[in-house]
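Heads up, the thing below is written out as structure tokens.
Where a number appears in this text, it was derived from the coordinates with a stated rule and is not lab data. All of these numbers come straight from a predicted model, not from anything done at the bench. Note that each Cβ is placed from the backbone with ideal geometry, even for glycine, and that neighbours are counted across all protein chains shown.
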Amino acid sequence: MAPLLLFIIGPPAVGKMTVGNAIAERTGLKVFHNHLTIEPVLRFFDFGTPPFHRLVEGFRTGVLEEVAASDLPGLVFTYVWAFGHAGDARAVASYAKPFADRGGRVLFLELEATQEARLSRNTGADRLAEKASKRDLDNSRRLLLETDAAYKLNSTTEFDGRDDYLRVDNTLVSPDEVAELAIRYFRLATRN
């Protein structure tokens, strides 16, 4: 069986991990949220430094390659994609390659929500439990606002005409509802 890679993309605190977990509960896919690589490396190196990038990329690449080569049905991977930033586009292509090379499906679920909703979600218990670096709430809020101002974090025309892509404004839509939409749209196998 060819492996599946479902990217959940969108800006910080939009609900990628929460939606990913809701999809995983229904499908049996594993969730690899981006902070699983970020948090351990932050214990040693500051965000954005060359050693930080090397370690995070190495860890992500290793996990994605191993899952693609395994008998697991696939993976949900969350990612904040700065559209217009060539490095992010290259990273996404690199992460997808082991799955595509094995004939697997690579899908994109993009989430968008108002900044107000994301600022509220930024302090959510699940987020803070999984992402230690977000527990300094003032700093986390500042970083969210700075990231919003500096980058284009939702696509515009990048996915036009593609059937491997679904965009959902989840400002007022629950994670369970988004999961159901994505499962139906992508025709993902669910647990019996």
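Can we say L128 is within 22 Å of G20 (Cα to Cα) and without any contact (Cβ under 8 Å) to a residue 24 or more places away in the chain?
Working: within 22 Å of G20 (Cα to Cα): yes; without any contact (Cβ under 8 Å) to a residue 24 or more places away in the chain: yes.
So L128 passes the test.
Got a sec? Which of P50, P3 is farther than 30 Å from L172 by Cβ, over 16 Å from the mean Cα position of the chain (by Cα) and surrounded by fewer than 19 Cβ atoms within 10 Å (Cβ to Cβ)? Spell out the reasoning first.
Values: P3 fails: surrounded by fewer than 19 Cβ atoms within 10 Å (Cβ to Cβ).
Residue meeting the stated conditions: P50.
Considering the stretch 149-172 alone, what residues qualify as being free of Cβ contacts under 8 Å to residues at least 60 places away in the same chain, of a type in the set (A, V, I, L, M) and buried (at least 16 other Cβ atoms within 10 Å of the Cβ)?
L166, V168
Given the structure, is A117 without any contact (Cβ under 8 Å) to a residue 24 or more places away in the chain, farther than 21 Å from P3 by Cβ and out of contact with any helix residue (DSSP H, G or I) (no Cβ under 6 Å at 6 or more places or on another chain)? Working first, answer last.
On the way: without any contact (Cβ under 8 Å) to a residue 24 or more places away in the chain: no; farther than 21 Å from P3 by Cβ: yes; out of contact with any helix residue (DSSP H, G or I) (no Cβ under 6 Å at 6 or more places or on another chain): yes.
It is false that A117 is without any contact (Cβ under 8 Å) to a residue 24 or more places away in the chain, farther than 21 Å from P3 by Cβ and out of contact with any helix residue (DSSP H, G or I) (no Cβ under 6 Å at 6 or more places or on another chain).
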